[in-house]
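Scroll down for the structure; my scribbles are underneath it.
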Amino acid sequence: MLFALGDQFQAQGVARVGARAGAAIGIGASALCFWLVAPWFLEIDHFYHPAVLLFVLIGLIRPALSANLAISAIHHLGPTLAGTLGSIAPVFGAAFGILWLGEVLTWPVAFGTGGIMIAVAILARSGRLVGGQATNHWPTWALLLPVGAAAVRSLSHAVTKVGMIHIPDPYFAALVGFSVSAILTIGLQLAPKGGRLPLKGAGAAWFIASGVIFAIAVLSLNQALMTGDIVIIVPIIAAAPVFTMLLSVLVFRREKITARTFLALGLVVPSVVAVVIWG
């Protein structure tokens with residue numbers, strides 16, 4: 001729900017602020033949230049553990065790299081095709097969980113994962129997740145962009161889980177990851193001549209709000225990763241576009257309920273239940 005709400009806030013802001021500047025503002029706001037509560041939650045000793053390098057690695061690839069790949073995918077392929085290909089994230093999550101961490105994929109989880117992926121693909125093909133239609137004129141190599149973004153997100157989940165085996169602190173993992181990403185994205189935004197962060201106006205406010213929401217969302221996700229299996233968690237996270245659709249219909253009034261919406265919900269609800277109960 002929080003990832004979906006953050007996406008809605010970003011959709012409000014991107015109409016007023018460029019995507020790269022908005023990403024830098026949002027990631028910076030997330031990092032600031034974690035540093036503001038550092039006096040109460042930060043364990044300084046964690047910085048001396050070698051596993052901190054895993055969290056630094058996460059900050060280099062997510063959300064900095066995954067966001068840029070996703071934006072490039074939309075640019076080359078259009079949002080419909082990019083969203084459809086990006087819905088394969090649970091496949092990578094299951095692969096990392098089984099092959100790297102030795103987790104077990106049960107039949108209910110496999111069927112539930114498949115149901116969620118189909119539902120997300122249905123919503124993506126409706127062209128209503130982010131608006132617009134996919135173009136038919138695109139280079140073949142561009143197909144790798146949304147797939148790469150999905151792989152990066154799933155890889156970051158696996159690396160986070162491994163890191164928290166050594167440093168069992170969801171807050172610290174998020175603090176380091178977002179801090180590194182903030183330094184990277186803000187630095188890239190300010191690097192070109194005349195580059196700046198447009199911190200005034202409604203657009204910046206929406207991205208700051210999204211940063212706060214994503215900070216809470218990632219902290220919750222890290223807590224889940226520390227206590228649960230990736231093969232169960234990633235499919236549930238993959239259901240976020242369904243909540244994005246519901247928020248568009250019920251709160252932001254940008255969408256209308258269609259047969260595709262009902263079909264997707266009919267797939268997602270029992271699929272998530274199967275993953276959670278029998279996972």
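The values are calculated or read from the model by the stated rules, or taken from the named source; none is laboratory data. Owing to the predicted nature of the structure, the values given are computational and were not obtained by experimental measurement. For neighbour counting, all protein chains shown are included, and Cβ atoms are generated from backbone atoms with ideal geometry for every residue, glycine included.
Looking at the stretch 14-33, can you tell me whether even one residue there is within 14 Å of the chain's Cα centre (by Cα) and of a type in the set (A, V, I, L, M)? Yes - at least one qualifying residue is present in the stretch 14-33. Being of a type outside the set (Asp, Glu), surrounded by fewer than 19 Cβ atoms within 10 Å (Cβ to Cβ) and at pLDDT 80 or above holds for only one residue in Phe9, Phe41, Phe34, and it is Phe41.
Taken over the stretch 162-192, the residue count meeting the criterion of being more than 15 Å from Leu36 (Cα to Cα) and in contact with a Ser or Thr (Cβ under 6 Å, 6 or more places away or on another chain) is 1.
Scoring Thr160 on the criteria (1) modelled with pLDDT of 80 or more; (2) outside any helix (DSSP H, G or I) leaves a single failure, condition (2). Restricting the stretch 170-196 to residues that are of a type outside the set (Gly, Ala, Ser) and crowded, with 20+ Cβ neighbours inside 10 Å, the residue that is nearest to Pro235 (Cα to Cα) is Pro170. Of the helices (runs of 4 or more DSSP H) lying entirely inside the stretch 1-54, those containing at least 2 residues that are closer than 17 Å to Phe172 by Cβ are 19-36, 38-41.
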